[in-house]
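Below is one structure, written out as structure tokens; the observations come after it.
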Amino acid sequence: MDFDYTASEQSFREEVRSFISDNLPPKKERDKNFLANWLEKVRAKGWVGFAWPKEFGGSEGGLIEQTILREEMALAKAPPLGTSMMGLAWVGPGIMQYGTEEQKRKFIPDILDSKVTWCTGYSEPNHGSDLAAIQCKAELKGDHYLVNGQKIWTTGAPWSQWIILLTRTKFDVESKHDGITCFLVPMDAPGVEVRPIQNMAGDKHFAEIFFTDVQVPVENRLGAEGEGWNVTVSALANERSSIGEVTQMFEKLENLKELVKTTSKQGQPASNDPKVRRTIARFEMKVAAMKFNGLRYLTKQIKGEPLTSETSVNKLHRASLEIEIDDFAVQLMGQAGLQLRGGESAVDGGTWSKSALNWPNVVIGGGTPNIQRNIIAERLLGQPKD
Amino acid sequence: MNFGFTEEQSLLRDQVERFIKEACPMPKVREIAASESRFDSALWQQIADLGWLGLTIPEAHGGLGLKWIDLTVVLEAAAEGLCPLPIASQALASAAVLTCGNDKQKSDWLPAMASGSAICTIGLYDEANWIDPKAITAEAHASEDGYVLKGTKPFVNDAAAADYLLLAVNGPDGLALAAVAKDNVKITHQPTMDTTKPMASVNLDGVTISADFLLPMSEEQLAFLTDCGAVATTAEMVGAGAAILEMTSSYAKERIQFGKPIGQYQGVKHRLADMYVDLESYRSLSYYAAWSVDDDVAGLAKAVSLAKGYASDAFAQIGIDGVGLHGAIGFTAEYDAQLYLKRSKWARPMYGDSDYHMDRIATLGGL
């Protein structure tokens, strides 16, 4: 057991830090070209798709370097390494694993160059957590498939150019996991209609998407017909490590402590209130648990042991922290905590009230807490399936 | 960067688990706990021969010269079977001598502690649920040929089994540890919920010790030993927590109600999942705290409070859920689940409950 970094890991960290100090101006000084320049520079560094194979334009970066990169970027509150978040997280890895040579050539460079934004067409009106029960239909008609159906709660749909779409090509199946097929579909294809949905925080991040006789060429199928479930599962297994997340949670905790120091409760400094102090300590214990769980899982990966469902542990922590921290902050501020962005007595620009309404993004997206509990109980503890 | 165990440590874990299963299975644990001495010298000799008692003692003093992370491997694995032998107390007494003793005391005492020939324990605070130098009220006064002691040390773990006790007192020059032999003090067993962790009060009134049996102890050293105590306790909470989760999880797969194994119901499986999340989380924090004892003393207080603060309430809940999910059988004296619940009650206040540790986390975190 040791928490030291090798000389080369340490020098990589220095490299990242000095890159940041050379290329990341304070927020106020960033002009309109900043983001494009930043993306070009991190791309030139090979830090977009850092762990991807070199033949696809990645850097084949090691697990620890990847961790260091994420940690330093999160600490510096840097913009993301590439704007095609879902493209980098699972569409790209899915294409590299299951795609044809032509698909790889066509899609991978644009993901790395932040030219294309992807969204993920999984949930349907009647099938969210029960993902494998999807009904969106794709029929083979010669050189193309005809897609009909509906997706919903699709994050990023209003501004994405492409969607990785899960459909059903066969309805008469023994297991619902059979007969599922995955496609790569342009969002401007005729018959695709996007209707943004406003969430309770007032944002329009997600949408419902209607597919009416959409013609998808056979060459846009990802993986074989009926293999879509495997494509999805291995894509989800390409989960991001939680290290960057933990850094952000520590950051949020520090902001919360600052808030506590400047807030009073019943005429007394809130920081003197034992319940307030213990609540924050409880948050810190959970964030620290996420950190050290993450390091144990990272060690497992370094030793070449595949991660299975352990990451659900940190997802559950993340979910409860995501709800509880903002909720606590809003409550602490009393009526002032209710003020929205733009309100004259809004604390910290209304960021707490805003994120207190945005938790479902993290908590529900990618599998609800109860789904994570099922995963832990069934796959790690061997309990019978529901 | 490696937050995992070495091959040697994994072998040690296997050895302890195997030994406990063979030599100290649950019927044996119950037999020891019910015996008058609440101790088993034959078993003690066996684990001494295996080297477990000298893990953290330097080789020069007859030990193996390993670290606390190695010790926690043993404590965790032994606690899976609720082994009632005073392994943790022996380790804490060794830590006390290593921390507060002079060279002569170390070379005189540590070899006997490493070999197990001297069974030892420590007693720090005299108030229940108060971790503070002010909670030490026993006294040592200078006398002609050493010191005369005064006061009663309550709640001393494994006091009745110990040959020697290192007990915190206020001496003429400040805090100190008085080393007393058991034959010179009055030890009264205090029956508690957890019979696998015997506890006693030690009356010191009028007991005299020679000058070299008083070890000066700074407040920092007291805090360090308290943190070591929390690390040892938390390591045992990891092992015991894992064991009752395993027991409960197995039961949920076999117990059929309404035609299905109860583990198929989300009301049961989600509680099992929550137990797993908490156990894994305080396991990670506990390993980090154990590593900090040797490798990051500056960060020890924070690391310990994160671990024990989390584990105290989490293990208590795991104990309750472990018994509760079993239904009435879990409530039965002859069934083992309840012994783990009792261990969780024992461990909860030991070396600071969750409130104490959360307050410390807040303070250390700048609040």
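Of the options A:P125, A:V216, A:T181, report the single residue whose Cα projects farthest towards the positive end of the charge dipole of the range A:118-236 (beta-carbon charges: Lys, Arg +1; Asp, Glu -1).
Of the listed residues, the answer is A:P125.
Given an 8 Å cut-off on Cα distances and at least 6 residues of separation, report the relative contact order of the range A:7-82 as a percent. Don't jump to the answer; show the numbers that get you there.
On the way: 55 pairs, mean separation 26.0, N = 76.
Once divided by the residue count of the range A:7-82, the mean separation gives 34 percent.
At a threshold of 8 angstrom on Cα-Cα distance, excluding pairs fewer than six apart, so keeping six or more, what relative contact order does chain A reach in percent?
Details: 580 pairs, mean separation 43.7, N = 386.
Answer for chain A is 11 percent.
Are there GluC sites (Glu not before Pro) in the range B:1-42 that DSSP puts in a loop and that have at most 13 other Cβ atoms within 10 Å, and which ones? Don't skip to the end; give the middle numbers.
Working: sites: B:E7, B:E8, B:E17, B:E22, B:E31, B:E36; in loops: B:E36.
Qualifying residues, ordered by number: B:E36.
How big is the dipole moment of chain A about its Cα centre under a simple scheme where the beta carbon of each Lys and Arg is +1, that of each Asp and Glu is -1, and everything else is neutral? Debye, nearest 20, please.
Working: 46 positive and 50 negative charges, 199 e Å.
It comes to approximately 960 debye.
What net charge do the residues around B:V169 carry, taking every other residue with its C-beta under 9 Å from that of B:V169, with Lys and Arg at +1 and Asp and Glu at -1?
On the way: positive: B:K150, B:K153; negative: B:E139.
Combined, the nearby Lys, Arg, Asp and Glu give +1.
Once the other residues with Cβ under 14 Å from the Cβ of B:I320 are scored (Lys, Arg +1; Asp, Glu -1), what is the net sum? Write down the numbers at each step before the final one.
Numbers: positive: B:R271, B:K342, B:R343, B:K345, B:R348; negative: B:D274, B:D278, B:D313, B:D321.
My count for the surroundings of B:I320 gives +1.
Which GluC sites (Glu not before Pro) in the range B:89-151 pass both tests, a DSSP loop state and at most 10 other beta-carbon atoms within 10 Å?
On the way: sites: B:E127, B:E139, B:E144; in loops: B:E127, B:E144.
Passing both the DSSP loop test and the Cβ count: B:E144.
How big is the charge dipole of the range A:7-82 about its Cα centre, in debye rounded to the nearest 20, if each Lys and Arg gets +1 on its Cβ and each Asp and Glu gets -1 on its Cβ?
Numbers: 12 positive and 12 negative charges, 83 e Å.
Here the range A:7-82 has a charge dipole of around 400 debye.
Short version: what are the Cα gyration tensor semi-axes of the protein assembly as shown, square root of 5 times each eigenvalue, largest first, in whole Å? Let's see the in-between values first.
Numbers: eigenvalues 602, 171, 118 Å².
Largest first, the protein assembly as shown gives 55, 29, 24 Å.
Looking at the range A:60-146, which trypsin sites (Lys or Arg not before Pro) are in a loop (DSSP not H, G, I, E or B) and have at most 12 other Cβ atoms within 10 Å? Could the numbers behind the result be given before it?
Numbers: sites: A:R70, A:K77, A:K104, A:R105, A:K106, A:K115, A:K137, A:K141; in loops: A:K77, A:K115.
For trypsin sites (Lys or Arg not before Pro) across the range A:60-146 that sit outside H, G, I, E and B with at most 12 neighbouring Cβ atoms in 10 Å, the list reads A:K77.
Under a point-charge model restricted to the Cβ atoms of Lys and Arg (+1) and Asp and Glu (-1), what is the dipole moment magnitude of chain B relative to its Cα centre, in debye to the nearest 20?
Details: 28 positive and 47 negative charges, 234 e Å.
Taking the Cα centre of chain B as origin, the dipole is about 1120 debye.
Under a cut-off of 22 Å between alpha-carbon atoms, report the lysines in cross-link reach of B:K21, not counting same-chain residues fewer than 8 places apart.
The qualifying lysines are B:K197, B:K342.
Compare A:R379, B:R13 by solvent-accessible area with a 1.4 Å probe and give them largest first, with all protein chains kept in place.
Details: A:R379 160, B:R13 40 Å².
Largest to smallest exposure gives the sequence A:R379, B:R13.
Leaving out ligands, DNA and RNA but keeping every protein chain, what accessible area does A:D22 have, in Å² rounded to the nearest 10, with a 1.4 Å probe?
Solvent-accessible area, nearest 10 Å²: 120 Å².
Along the positive direction of the dipole of the protein assembly as shown (beta-carbon charges: Lys, Arg +1; Asp, Glu -1; about the Cα centre), which of A:Q198, B:T226, A:G267 reaches farthest?
Final value for the positive-end residue is A:Q198.
With unit charges on the beta carbon (Lys/Arg positive, Asp/Glu negative), name the residue among B:H189, B:A135, B:L167 whose Cα is farthest towards the positive pole of the charge dipole of the range B:121-217.
B:H189
With a sphere of radius 12 Å drawn around the Cβ of A:D113, what net charge do the other residues whose Cβ falls strictly inside it have (Lys, Arg +1; Asp, Glu -1)?
On the way: positive: A:R43, A:K115; negative: A:E40, A:D110.
Residues near A:D113 contribute 0 overall.
Normalising by the residue count of the range B:197-322, find the relative contact order in percent from Cα pairs under 8 Å and 6+ residues apart. List each step's numbers first, then the result.
Values: 88 pairs, mean separation 38.9, N = 126.
Here the relative contact order equals 31 percent.
With runs of 4+ DSSP H residues as the only contributors, calculate the mean residue ellipticity of the protein assembly as shown at 222 nm using -39,500 (n - 2.57) per run, divided by the residue total and rounded to the nearest 500.
Values: 23 runs with 349 residues, N = 753.
Theoretical 222 nm ellipticity from helices: -15000 deg cm²/dmol.
Rank these residues by their accessible area, most exposed first, probe 1.4 Å: A:T263, B:T363. Could the numbers behind the result be given before it?
Working: A:T263 20, B:T363 85 Å².
Sorted descending by solvent-accessible area, the residues read B:T363, A:T263.
Mind listing the phi-derived Karplus ³J(HN,Hα) values for the range A:24-40, rounded to whole Hz, using 6.51, -1.76 and 1.60 with θ = phi - 60°, and x for any glycine or proline?
Whole-Hz 3J(HN,Hα) from phi for the range A:24-40: 10, x, x, 3, 5, 8, 7, 8, 6, 8, 4, 5, 4, 5, 4, 4, 5.
Measure up B:K153/B:K186; A:K41/A:K291; A:K137/A:K170; A:K41/A:K115; A:K27/A:K286; A:K77/A:K252 against 19 Å on the Cα-Cα distance and list the ones that go over. List each step's numbers first, then the result.
Numbers: B:K153/B:K186 10 Å; A:K41/A:K291 29 Å; A:K137/A:K170 8 Å; A:K41/A:K115 14 Å; A:K27/A:K286 30 Å; A:K77/A:K252 12 Å.
Too far apart for the 19 Å limit: A:K41/A:K291; A:K27/A:K286.
As a test of the definition: with a 1.4 Å probe, what buried accessible area, both sides summed, do you compute for B against A, in Å² to the nearest 100?
4200 Å²
The values are calculated or read from the model by the stated rules, or taken from the named source; none is laboratory data. In this text, all values refer to a predicted model and were calculated from it rather than measured experimentally. Note that each Cβ is placed from the backbone with ideal geometry, even for glycine, and that neighbours are counted across all protein chains shown. Calculation scope for accessible area: heavy atoms of the full protein, side chains included, ligands and nucleic acids excluded. Shrake-Rupley method; radii C 1.70, N 1.55, O 1.52, S 1.80 Å.
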